[in-house]
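Contents: one structure, followed by commentary.
The values are calculated or read from the model by the stated rules, or taken from the named source; none is laboratory data. Every value quoted in this text rests on a predicted model; they were computed, and no experiment measured them. FYI the Cβ positions are ideal-geometry reconstructions off the backbone, even for glycines, and counts take in every protein chain you see.
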Amino acid sequence: MATNDTLTVALKGRIDSGNAADIEKEIQAQIDAVDAGSLILDAEELEYISSAGLRVILRLRKKYPDLRVINVNSEVYEIFDMTGFNQMMKVEKAYKVVSVEGCEEIGKGANGTIYRIDKDNVVKVYNNADALEDIEHEREVARLALILGIPTAISYDVVKVGDSYGSVFEFLNARSFAKILADEPEKFEWCAEEYVEMLKKIHGTEVPEGKLPSIKSEFVERAGRLKEHLPAEYSEKLIRLMNDIPEVNRMIHGDYHTKNLELQDDEVLLIDMDTLAVGHPVFELGSIFNAFIGFFEVDTDGIESFQGFSAETGRRLWRRVLELYLGTKDEDAIRDVEDKARIIGYTRLIARSVKRGLNLEGQGKAEYEIWRKNLMELLDRTETLAFDPDQSVNGSDPNELDIEAITENLPKVLEFIDSKLEAVGCPLKTQMQIDVAAEEIFVNIANYAYSPDKGMAKVRVEVGDDPLHVSITFIDHGVPYDPLAKEDPNVNLSAEERQIGGLGIFLVKNTMDDLTYEYINGSNILTLKKNL
Amino acid sequence: MLNINKNLDGEKLMVALEGRLDTVTAPEFETELKDSLDAVTELIMDMKDLEYISSAGLRVLLTAQKSMNQKGTMKLINVNDTVMEIFDVTGFVDILTIE
């Protein structure tokens with residue numbers, strides 16, 4: 001017997017012991033006439049159903065285990081609910097019908113249009129007519145996010161709008177971060193900080209198992225889709241790198257760009273939750289890279305119509321987000337994570353083009369070529385896609401301090417060093433000598449390393465044995481400079497003859513037990529060692 | 001942080017330092033001192049509560065010493081051990097008058 005299409009049968013009026021047998025015969029006749037493969041009962045006009053009617057549905061379900069009853073009004077739904085029918089089969093409530101005719105259109109996104117239906121409410125009408133599952137999914141994950149502490153807007157009703165479905169939200173007098181950046185460029189730093197704070201909050205959220213899909217499996221699949229588009233060794237490496245990313249249960253938004261972050265009064269809200277997943281934060285960084293740079297690498301003006309700000313702002317934002325997220329201005333550290341994020345980003349972009357039927361003409365061709373070329377270059381120099389997410393989410397190595405090299409930060413540097421020295425019971429006098437030396441080195445970096453610009457310094461404190469000693473390492477990426485090479489001042493001269501300079505380094509040399517300076521890969525590395 | 005307490009008595013200025021004399025606080029001390037030295041012939045610095053001195057602080061002391069050499073005397077009193085050690089290493093014990 002050939003399996004045919006789904007048959008939808010309308011149930012009308014009252015079904016009770018008086019007419020149940022007739023109705024069953026009638027339905028059976030319709031089924032036989034079309035040789036239906038599956039069955040849907042449309043209860044839109046059903047007013048009442050008794051146990052005799054329910055038994056008819058039970059018998060139909062034996063033949064059609066995936067039987068669905070749809071458009072059930074609330075009185076009838078109560079009967080299904082009380083008798084436990086809605087646990088046995090799919091019983092779908094009727095949705096309230098809403099008209100958007102004459103309503104103000106207040107926004108348009110990739111998957112729907114937002115209308116204001118009255119003073120307090122908006123409805124997001126989905127383009128896709130069978131969006132019901134997506135809508136329910138988004139409501140569910142948004143609720144989950146809210147429970148886990150992520151501020152978001154939740155739709156409180158699903159309605160029918162013409163042939164489509166819509167989600168009803170409270171009307172928010174909110175502005176997206178994209179709009180703030182476009183209208184008030186002076187708020188750039190504030191936007192970047194808030195944006196990263198929310199990002200860390202998302203990634204710091206652990207999600208109970210099974211609640212959200214894994215983003216890694218999507219990317220393993222995407223990497224597979226690139227097989228015919230990369231030389232074999234690159235394709236294999238990409239698949240291996242993807243597979244090697246550890247599964248972690250951190251929340252990932254999946255589409256975290258500046259239109260999905262809104263400011264309402266003083267509260268920052270995350271919206272568009274349908275892509276919520278769990279996984280390693282590198283996947284998120286990949287999609288952020290795409291939103292600000294990757295998508296627009298050829299069509300550089302495209303970002304203007306999407307986000308409302310320029311490609312240059314997009315690049316600056318990406319850079320600042322990385323610095324703030326990673327808590328460093330260290331070029332190498334940022335470059336390393338950026339490389340990983342770009343591999344994720346390009347994999348997604350190429351896989352997306354492939355899925356949409358590769359267009360190898362004009363812009364499509366140029367994009368495909370540049371993304372592919374960049375991806376291969378990145379694969380040449382990358383051996384792992386994971387990084388330690390705790391470093392950004394929970395703070396960095398406790399023995400290291402990354403700090404902007406400005407003299408105003410000196411108290412912070414000494415406080416950091418002193419806290420480590422106190423922990424090992426360093427005598428006060430030694431502590432002062434170490435501080436004097438550390439001050440000298442740090443102030444030197446602040447004044448000269450990046451002059452006239454500013455840059456970062458890293459301070460690392462280590463304690464070692466045999467004999468008990470402490471080493472303090474200063475790393476900067478400024479101009480190569482060996483302070484130890486400076487000539488010592490003549491300490492036997494009178495005040496009039498003494499020069500102001502050179503004193504500090506002299507002090508350092510005479511109070512520390514060992515000093516080393518190296519210039520490696522663009523970094524000045526100076527280590528002070530003092531025996532305790 | 002550095003607290004500077006000045007007490008001018010005729011041509012004699014007594015300056016008590018409390019806290020840290022480092023890169024951050026030295027400029028303020030230098031300005032403070034420069035503005036008060038005009039009619040001073042005797043400068044006394046009380047270092048009893050000075051906990052810390054770095055090369056930036058030493059530079060200010062050196063400048064003050066040079067300027068006082070032109071017109072009078074300067075001496076440091078109540079210098080504690082750790083600060084004295086710094087004066088020792090740098091040869092400042094020979095330049096400054098320390099009681």
From the list B:Leu58, B:Leu43, which residue is touching a helix residue (DSSP H, G or I) at 6+ places or on another chain (Cβ under 7 Å) and part of a helix (DSSP H, G or I)?
-> B:Leu58
Would you be able to tell me the number of residues in region B:61-75 that are β-branched (Val, Ile, Thr) and either surrounded by 22 or more Cβ atoms within 10 Å (Cβ to Cβ) or more than 10 Å from chain A (Cβ to nearest Cβ) (or both)?
-> 1
Pairs with Cβ under 7 Å, 6+ apart, first in region B:41-60 and facing chain A (nearest Cβ under 7 Å), second in a strand (DSSP E or B) and not hydrophobic (A, V, I, L, M, F, W, C) = B:Tyr52/B:Arg20
Tell me the helices (runs of 4 or more DSSP H) entirely within region A:375-488 that contain at least 2 residues that are of a type outside the set (Ser, Thr, Tyr), in contact (Cβ under 8 Å) with a residue 60 or more places away in the chain and within 14 Å of chain B (Cβ to nearest Cβ).
-> A:428-444
Would you mention how many residues in region A:324-333 are farther than 15 Å from A:His257 by Cβ and buried (at least 17 other Cβ atoms within 10 Å of the Cβ)?
-> 6
Could you please let me know if B:Thr97 is farther than 20 Å from A:Glu439 by Cα, more than 10 Å from chain A (Cβ to nearest Cβ) and either aliphatic (A, V, I, L, M) or more than 12 Å from the chain's Cα centre (by Cα) (or both)?
-> no
Positions within region B:76-94 being more than 10 Å from chain A (Cβ to nearest Cβ) and assigned to a loop (DSSP other than H, G, I, E, B), in sequence order | B:Asn78, B:Val79
The lone exception for A:Ala232 - which of (1) aliphatic (A, V, I, L, M); (2) over 30 Å from A:Ser305 (Cβ atoms); (3) in contact (Cβ under 8 Å) with a residue 12 or more places away in the chain it fails = (3)
Could you say which residue among A:Lys227, A:Lys216, A:Lys259, A:Lys237 is over 27 Å from A:Leu358 (Cα atoms), charged (D, E, K, R) and either out of contact with any His (no Cβ under 6 Å at 6 or more places or on another chain) or buried (at least 19 other Cβ atoms within 10 Å of the Cβ) (or both)?
-> A:Lys259
Quick one: is B:Gly19 loosely packed, with under 15 Cβ neighbours inside 10 Å, within 14 Å of another protein chain (Cβ to nearest Cβ) and at positive phi?
-> yes
Selection count, region A:210-225, where residues are modelled with pLDDT under 95 and hydrophobic (A, V, I, L, M, F, W, C) | 1
Only one of (1) touching a residue at least 12 places away in the same chain (Cβ under 8 Å); (2) among the charged types (D, E, K, R); (3) farther than 25 Å from A:Val443 by Cα does not apply to B:Glu18, and that is (3)
Please state which one of A:Arg372, A:Arg381 is of a type in the set (Lys, Arg), assigned by TED's automatic domain parsing to the domain that holds A:Glu228 and exposed (fewer than 15 other Cβ atoms within 10 Å of the Cβ).
-> A:Arg381
Would you check if there is a residue in region A:436-447 being loosely packed, with under 13 Cβ neighbours inside 10 Å and either closer than 17 Å to A:Ile417 by Cβ or out of contact with any helix residue (DSSP H, G or I) (no Cβ under 9 Å at 6 or more places or on another chain) (or both)?
-> no
May I ask you to say which residue of B:Glu11, B:Glu32 is without any contact (Cβ under 8 Å) to a residue 40 or more places away in the chain, surrounded by fewer than 20 Cβ atoms within 10 Å (Cβ to Cβ) and of a type in the set (D, E, K, R)?
-> B:Glu32
Please state which of the following conditions A:Asn492 fails to meet, knowing it meets all the rest: (1) in contact (Cβ under 8 Å) with a residue 12 or more places away in the chain; (2) out of contact with any Lys or Arg (no Cβ under 9 Å at 6 or more places or on another chain); (3) within 9 Å of another protein chain (Cβ to nearest Cβ).
-> (1)
Among helices (runs of 4 or more DSSP H) entirely inside region A:271-339, those with 2 or more residues being modelled with pLDDT of 95 or more and among the basic types (Lys, Arg) are A:311-326
Filter region A:227-270 for residues that are assigned to a loop (DSSP other than H, G, I, E, B) and more than 27 Å from A:Asp388 (Cβ to Cβ); the one that is nearest to the chain's Cα centre (by Cα) is A:Lys259
